[in-house]
Amino acid sequence: MKAAEFTLHRPHRIEEAVDLLAHHGEDAKVLAGGQSLLPIMNMRLAEPAHLIDITGIDALHEVAESPASITYGALTPHMAFEHGLVADAAGGLLRTAAAGIGYPAIRNRGTLGGSVAHADSSAEWPVVLSALGATVHTVSPRGPAVIGVRDLIVGFFTTALAPDEIIVAVEVPRLPAGSRWGFHKTARKPGEFAQSIAVAVHRPDSEQLWLGAAGDTPIRIHPDSDPLEAIGHHGDYTRAIHAVTVRRALEATREAHA
């Protein structure tokens, strides 16, 4: 099956992309890496009349470092994290997560901002960025805005973004000295979507434990609670997979990573 007919726009400035999105409204979709959107369009699950290709906007490829955080342009590809082409604010966690995304072709084309905007609860970035307390920088006709990833993803394939709002960057706080992290993904085979993803982040003054692929959004599990209580109603096999995934992520935090 092929995608329905659409008009392709190739803006070269963020402001131009925002204007196009505002003008065409819900008839338009933003194209970043296309690794999630294009298959959906080919299955006719999405039929935008206008496709706004933002890959030619240089500002969306930029990475800015500060002592407290690193801000990654929305078009930073997964492979840039995997191969260490950009600094890792989380002491190796971003690199580990990126290396497990799909296959090399997907990691070469897929982008950080595109994955967050797609809001697939079984994907790596939503749960990892939630555990790290990352924020998303957006632009709309109303101006720039910042929203936490935890607040951005409100449902399965659903975000709090307005129809005329574009993700321009993702800001990840640096893990302080003495931090540890654990990441574990359970899938039927390498490159497949996760059956379960667990991310544990231990800072000297706080702990975060998050689970992906267990609900419509990433789920926070409080350290003193039973992980199975947070998972909700699933079959015994699925609950067992999540329990093992969480345990292995927690075990991994015993190793010093940052």
| request: Give segment 124-154 a look and list any residue that's outside any helix (DSSP H, G or I) and under 19 Å from residue 70 (Cβ atoms), or say none. | output: 133, 134, 135, 136, 137, 138, 144, 146, 147, 148
| request: Give 49, 74, 28, 17 a once-over and let me know the one that is within 24 Å of residue 108 (Cβ to Cβ), touching a residue at least 12 places away in the same chain (Cβ under 8 Å), not assigned by TED's automatic domain parsing to the domain that holds residue 138 and not acidic (Asp, Glu). | output: 17
| field | Residue that is surrounded by the fewest Cβ atoms within 10 Å (Cβ to Cβ) [pool: residues in segment 7-40 that are at pLDDT 95 or above and farther than 16 Å from residue 164 by Cβ] | value | 8
| request: From 251, 207, grab the single residue that is more than 30 Å from residue 15 (Cα to Cα) and surrounded by 13 or more Cβ atoms within 10 Å (Cβ to Cβ). | output: 207
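The values are calculated or read from the model by the stated rules, or taken from the named source; none is laboratory data. Quick caveat, the model's predicted, so the values are computed rather than measured. Don't worry about glycine lacking a Cβ; one is built from the backbone with ideal geometry, like all the others, and counts go over all protein chains shown.
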